[in-house]
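One structure is given below, encoded as structure tokens.
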Amino acid sequence: MTRLSLPARSLVTLLVAALALTAAPATARAKTEPKAPDGFVALRTVDRTIIQEMRYFTPHNFVGERIDGYRQPLCILTRPAAEALHQAQRTLLRRGYTLKVYDCYRPQRAVDHFVRWAEDLDDEAMKDEFYPNVEKNRLFADGYIAEKSGHSRGSTVDLTIVKLPAKPTRPYVPGEPLAPCHAPRNERFPDNSVDMGTGYDCFDTLSHTLDPRIQGEQRANRLQLKGILEDLGFVNLAEEWWHYTYKPELYPDTYFDFPVSSKSLAGHH
């Protein structure tokens, strides 16, 4: 072995240390993202006819920006939940309607984004549409925001019904004037959904599925969605007409954090 002088050995030691420091960030960046476990599928592989309007991939939501973890506008669900939605869709298509999903599996990092936003009481950019009658400092206490969401377990979906033929919903333009989500249908943000009495993600008691103030066609629309889904094993969250969880859940106790993207499902069949 060639012997190195003391100065040369010192120089080599410094070079090795420098290389280690520069390599560390690269190693951290190369850390692989978590993947979806077996049992998760893209909804489109089970039913291509269900409309997907993934709101958290867009700035049209109560935060006002794309939410962390939404890499693609893609509905991911556990297979049993997706297959049950397919059965619901078959029923609705025969009646001249289609399902439309707003949100499906939601990574924990997205929930964390909601929490950070809710803690910033100065950020009320979307208040006039999504929570006009609720003070932001009440969002946790009133149950609108929480540190965990059933969506992260993969069997919960936010959805509505659209009359066929489905008209496209125009894109939201950041900065445009906002209308209250509980306003009459022709005054709130346009949505090709049937009239459910409020818009999606409306933080208001009028969003409670069986709120007695919601009557007529609006109530009938809510009950049509509820009846079809409950017959197939879905359970409604009473405070949100759009929120349903398929039971029994494939992963009832696990909150996942893989991104919403096709890469998360790589290798699944």
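Computed 3J(HN,Hα) for the stretch 137-153, one whole-Hz value per residue from the Karplus formula 6.51 cos²θ - 1.76 cosθ + 1.60 where θ = phi - 60°, is 6, 9, 4, 6, 4, 8, x, 6, 10, 9, 7, 9, 9, x, 4, 6, 8, glycine and proline marked x. For the stretch 107-147, backbone nitrogen atoms closer than 14 Å to the point 7 Å from residue 187 Cα along Cα-to-C-beta are found at 129, 132-133. For the stretch 172-269, a/c is not less than 1.5, where a ≥ b ≥ c are the root eigenvalues of the C-alpha gyration tensor, and a/b does not top b/c. That puts it in the oblate class.
Model label sites at residue 235 and residue 253, defined 7 Å from Cα along the beta-carbon direction, differ in position by 1.6 nm. Considering only beta bridges that DSSP places wholly inside the stretch 38-265, some 85 percent are antiparallel.
Taking every alpha-carbon pair under 8 Å whose residues sit at least 6 apart, the stretch 138-269 reaches a relative contact order of 29 percent.
Classify the stretch 61-140 as rounded, prolate or oblate from the Cα gyration tensor: take a ≥ b ≥ c as the square roots of its eigenvalues, call it rounded if a/c is under 1.5, otherwise prolate when a/b beats b/c and oblate if not. Let's see the in-between values first.
Numbers: a/c = 3.01, a/b = 1.89, b/c = 1.60.
Verdict is prolate for the stretch 61-140.
Helical content alone sets the calculated 222 nm signal of the chain at -9000 deg cm²/dmol, taking -39,500 (n - 2.57) per DSSP H segment of four or more residues and averaging over every residue.
How would the chain be classified by its alpha-carbon gyration tensor: rounded, prolate or oblate, with rounded meaning a/c under 1.5 and the a/b versus b/c comparison settling the rest? Walk me through the numbers on the way to the answer.
Values: a/c = 2.74, a/b = 1.86, b/c = 1.47.
Prolate, because a/c is 1.5 or more and a/b exceeds b/c.
Please order 60, 208 by the number of other Cβ within 10 Å, starting at the fewest.
Working: 60 24, 208 18.
The fewest-first ordering by Cβ neighbours comes to 208, 60.
Which whole-number percent is the relative contact order of the stretch 38-265 (Cα, under 8 Å, 6+ apart)? Write out the running numbers ahead of the final one.
Working: 420 pairs, mean separation 58.8, N = 228.
Computed value for the stretch 38-265: 26 percent relative contact order.
Give me the dipole magnitude in Debye, nearest 20, for the stretch 38-265 about the Cα centre, with unit charges on the beta carbon: positive for Lys and Arg, negative for Asp and Glu. Present the calculation step by step, with values, prior to reporting the outcome.
Numbers: 29 positive and 34 negative charges, 234 e Å.
Roughly 1120 debye for the stretch 38-265.
Since every read-out is calculated from the coordinates, none of them should be taken as a lab result. A quick note: this is a predicted structure, and the numbers were derived from the prediction, not measured. Every residue, glycine as well, gets a Cβ built from its backbone with ideal geometry; the counts of neighbours run over all protein chains shown.
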